[in-house]
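Novice: Dumping the structure here so I can ask a few things about it.
Laboratory data are not the source of any read-out in this text; all were calculated from the coordinates shown. Keep in mind that what you see is a predicted model, and the values were worked out from it rather than measured. Reconstructed Cβ throughout: ideal geometry from the backbone, glycine too, with neighbour counts over all protein chains shown.
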Amino acid sequence: MELIKAENIGKDYTVGEVTIRALDSVSFEIEPASFVSFVGPSGSGKTTLLNLIGCLDKPTEGKLTVADTDIIGLDRKQSASFRGEHIGFIFQDFNLIPVLTVYENIEYPLLMVQNVPAKERQKRVAAVIEAVGMTDQKDKYPDQISGGQKQRVAVARALVTKPKLVLADEPTANLDHKTAYMVLELMKRMRDEFKTTFIFSTHDQKIVGEAEIIYTLEDGQLAGRETKGGTNG
Amino acid sequence: MGNLFKIAIRNLMRYRRRTMLTASLVAIGIIFVLVFSAAAGSFKNLIVGQITDSMLGHIQIHRKGYVASIENLPLTMNMKSEAVAKIEKMLEGMPEVEAYSPRIKFGGMFSNFTETTNIRLNGVDPEKEVKIVPLLMSRIMEGEKAIKKGVIMIPELLSRGMNVKVGDMVVVIATNKDGSVNGKQLKVGGILESATGPGGRDGYVHIEDAMEILRMDEKEISEIAVRLKDFGALHNVYGKLENMLSGEQSKQGKPTFEVHTWEGLSPFFNIAQMIDIMTLFIKIMLVAIVLISVMNVMIMAVYERIREIGTISAIGTLPSKILSMFVIEGLLLGVFGAIIGNAVGLAVVFVLRLAHINYNFARQTFILSPSVQVSDLLIVSVIVIIVAVLGSLQPALKASKMEPIKALRHV
């Protein structure tokens, strides 16, 4: 059973009197525990697609199911609850909360979104913080750690709720190559450990090769699907 | 909830200087309100105390219509002895009443044998009167501090104008209610300092001398002044007395008596009301200061943290929780401001109290002794905190309604 099923998704943006077609008839299916990348140049629709999958935006047309839920029909509050329960996010700029320590940033979704009891919370935070190798830095604030460390914290924050899906929009864009590979390795390891589906967008061709399934987007349309060991599209 | 407070405190501490400035602004507003209320309250209490404790008493009971004609001091509107006895019995049965004093008020001529002038006189029972107006004796500038039979206490201005001194003999002539004129020679026993308000320039004689001058066979009382054990119970006792006396009706079915608190008898009550209105305006200004400063700082906070709002919203934080986060920040700003403002305000009031500042009002010297009631502190604090929450509500609502996708795109 697929985790994500998109059928003929389209998305229009209106800027003033001009309507821009950001996505056009995009269809795909993603299985659980996949490591998927959406690639394409700037403006190809990668971020738009990730926003739609992540329940942050709604398509103008088409059908989109995530974790057996028709997410197009969800209202604002239901969307927030759905995201809190099923989806983890990793952002290009890390987006850690500056007034919280590394530990508290990772703990945040358990505490403020899922209301997990204290004991269980401590266990889960300790596990992911250990997994991303940030135990030593747990009491530091975001402005006291490096970019690579911030992204590791962001990965931990995305995984701590045990989501079915983690969406990462250009997660390595602000990192040097060495750190970028380390973060991707970490994401893969986490996928193996937690059986979570990872979808990331990138326009960096060197990074793309790390994905097991690669979808190429061009001008809002799906131009190809490539798996490690074969090409469909 | 505790975590929301923790995040709010850290966010406030993140912009420490701005938070301190806003809290200081709120605190300054509170200090201003407290000091003004305390000083104005002190002034008001001094004057009210002066008026009630040296002349009026707390409550007065008259025959219906007397107060409307009080300028003439009409003897025809005095209360008969049976009526007075009825009222006295009533007052003795009221535990709130500390003391009462019947008075005969009348106007007459005052002569030092070379000159004659008008005088307004109170015929009083000295023992009862001093219980009602304890400051009366302290107003006696010269002479013996007692109102004895055959003695008259005259106001200071009259003493100077007529060149009359303590120990001099004078004559008081008055017309009684039947129109016949009578006079009595009296010795000046004391000179009374003028006081602010009605009756502040009246003279005093013993009630039996008054009866003699007015040729009364039995006591006919102009007013009964009442002093309460607790001045705070003024309006309750007034209501109670009015209820009790409303049952006393004339043959025509009209009320026989009327009851007035000092407020209905002294024009200073209007000044007291103006002081209260000014205090209210100061409080409104405080509300405006708090509202604008908290709203301003919270609008800034929301604007600066749009991406953060986008992030926590994307992670799944419910709009209601985002709203709470910002409202709590506003609430804490109000609480910080209230704590600092109350502490400094109390200190300033305490220093003012120690300073014993004097000021003159109508030939009298008052010492400023401001005090702050716990209820005032609580009311001002609650107002400030509520207004701070209201001030943060609009920015907080804006934050909670923000679309995560737009917020995340914000640069």
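Novice: When you go through A:102, A:208 one by one, which is the residue that is β-branched (Val, Ile, Thr) and buried (at least 19 other Cβ atoms within 10 Å of the Cβ)? Working first, answer last.
Specialist: Details: A:208 fails: buried (at least 19 other Cβ atoms within 10 Å of the Cβ).
Sole residue among the options that is β-branched (Val, Ile, Thr) and buried (at least 19 other Cβ atoms within 10 Å of the Cβ): A:102.
Novice: Being of a type in the set (Asp, Glu) and out of contact with any helix residue (DSSP H, G or I) (no Cβ under 9 Å at 6 or more places or on another chain) is the requirement here; does residue A:136 meet it?
Specialist: yes
Novice: A further question on this structure: Residue by residue through region A:70-85, note down the ones that are more than 9 Å from chain B (Cβ to nearest Cβ), surrounded by 15 or more Cβ atoms within 10 Å (Cβ to Cβ) and more than 17 Å from residue B:401 (Cα to Cα).
Specialist: Answer for region A:70-85, where residues must be more than 9 Å from chain B (Cβ to nearest Cβ), surrounded by 15 or more Cβ atoms within 10 Å (Cβ to Cβ) and more than 17 Å from residue B:401 (Cα to Cα): A:71, A:72.
Novice: Residue A:89 - would you say it is in a helix (DSSP H, G or I), facing chain B (nearest Cβ under 9 Å), closer than 22 Å to residue B:320 by Cα and touching a strand residue (DSSP E or B) at 6+ places or on another chain (Cβ under 7 Å)?
Specialist: no
Novice: Next question, about the same structure. Looking at this structure, is residue A:170 out of contact with any Cys (no Cβ under 8 Å at 6 or more places or on another chain) and touching a residue at least 12 places away in the same chain (Cβ under 8 Å)?
Specialist: Working: out of contact with any Cys (no Cβ under 8 Å at 6 or more places or on another chain): yes; touching a residue at least 12 places away in the same chain (Cβ under 8 Å): yes.
Spelling it out, residue A:170 is indeed out of contact with any Cys (no Cβ under 8 Å at 6 or more places or on another chain) and touching a residue at least 12 places away in the same chain (Cβ under 8 Å).
Novice: Suppose we filter B:46, B:4 for residues that are more than 14 Å from chain A (Cβ to nearest Cβ) and either over 27 Å from the mean Cα position of the chain (by Cα) or at negative phi (or both); which single one remains? Can you show your working first?
Specialist: Details: B:4 fails: more than 14 Å from chain A (Cβ to nearest Cβ).
Exactly one residue qualifies, and that residue is B:46.
Novice: Go through region B:1-59 and count every residue that is under 29 Å from residue B:298 (Cα atoms), surrounded by 24 or more Cβ atoms within 10 Å (Cβ to Cβ) and either in contact with a Gly (Cβ under 6 Å, 6 or more places away or on another chain) or without any contact (Cβ under 8 Å) to a residue 40 or more places away in the chain (or both).
Specialist: Number satisfying all stated conditions: 4.
Novice: Is it fair to say residue B:332 is within 14 Å of another protein chain (Cβ to nearest Cβ), in a helix (DSSP H, G or I), within 30 Å of residue A:92 (Cβ to Cβ) and in contact (Cβ under 8 Å) with a residue 40 or more places away in the chain?
Specialist: So residue B:332 does not fit the description; no.
Novice: Shifting gears a bit: For region B:368-411, give me each residue that is touching a helix residue (DSSP H, G or I) at 6+ places or on another chain (Cβ under 8 Å), hydroxyl-bearing (Ser, Thr, Tyr) and in a helix (DSSP H, G or I).
Specialist: Result: B:381, B:392, B:400.
Novice: Only one of these conditions is not met by residue B:269: (1) touching a helix residue (DSSP H, G or I) at 6+ places or on another chain (Cβ under 8 Å); (2) over 16 Å from residue B:60 (Cβ atoms); (3) assigned to a helix (DSSP H, G or I). Which number is it?
Specialist: (2)
Novice: In addition: Applying the selection to region B:95-130, what residues are over 23 Å from residue B:147 (Cβ atoms) and in contact with a helix residue (DSSP H, G or I) (Cβ under 7 Å, 6 or more places away or on another chain)?
Specialist: Matches in region B:95-130: B:96, B:115.
Novice: Considering only region A:147-233, give the helices (runs of 4 or more DSSP H) lying wholly within it that have at least 2 residues that are among the charged types (D, E, K, R) and in contact with a helix residue (DSSP H, G or I) (Cβ under 7 Å, 6 or more places away or on another chain).
Specialist: Fully inside region A:147-233 and qualifying: A:147-159.
Novice: Further, regarding this structure: Restricting to region B:314-329, and then to whatever is more than 7 Å from every other protein chain (Cβ to nearest Cβ) and small (Gly, Ala, Ser), can you tell me which residue is farthest from residue A:54 (Cα to Cα)?
Specialist: Filtering first and then ranking leaves B:324.
Novice: Given the criteria in contact (Cβ under 8 Å) with a residue 12 or more places away in the chain, over 30 Å from residue B:68 (Cβ atoms) and of a type in the set (A, V, I, L, M, F, W, C), does residue B:344 qualify?
Specialist: So residue B:344 passes the test.
Novice: Another question, then. Just checking, which of B:73, B:56 is closer than 30 Å to residue B:372 by Cα and touching a Phe, Trp or Tyr at 6+ places or on another chain (Cβ under 9 Å)?
Specialist: Going through B:73, B:56 in turn, just one is closer than 30 Å to residue B:372 by Cα and touching a Phe, Trp or Tyr at 6+ places or on another chain (Cβ under 9 Å): B:56.
Novice: Only one residue in B:333, B:291, B:318 is surrounded by fewer than 21 Cβ atoms within 10 Å (Cβ to Cβ) and under 20 Å from residue B:15 (Cα atoms). Which one?
Specialist: Going through B:333, B:291, B:318 in turn, just one is surrounded by fewer than 21 Cβ atoms within 10 Å (Cβ to Cβ) and under 20 Å from residue B:15 (Cα atoms): B:291.
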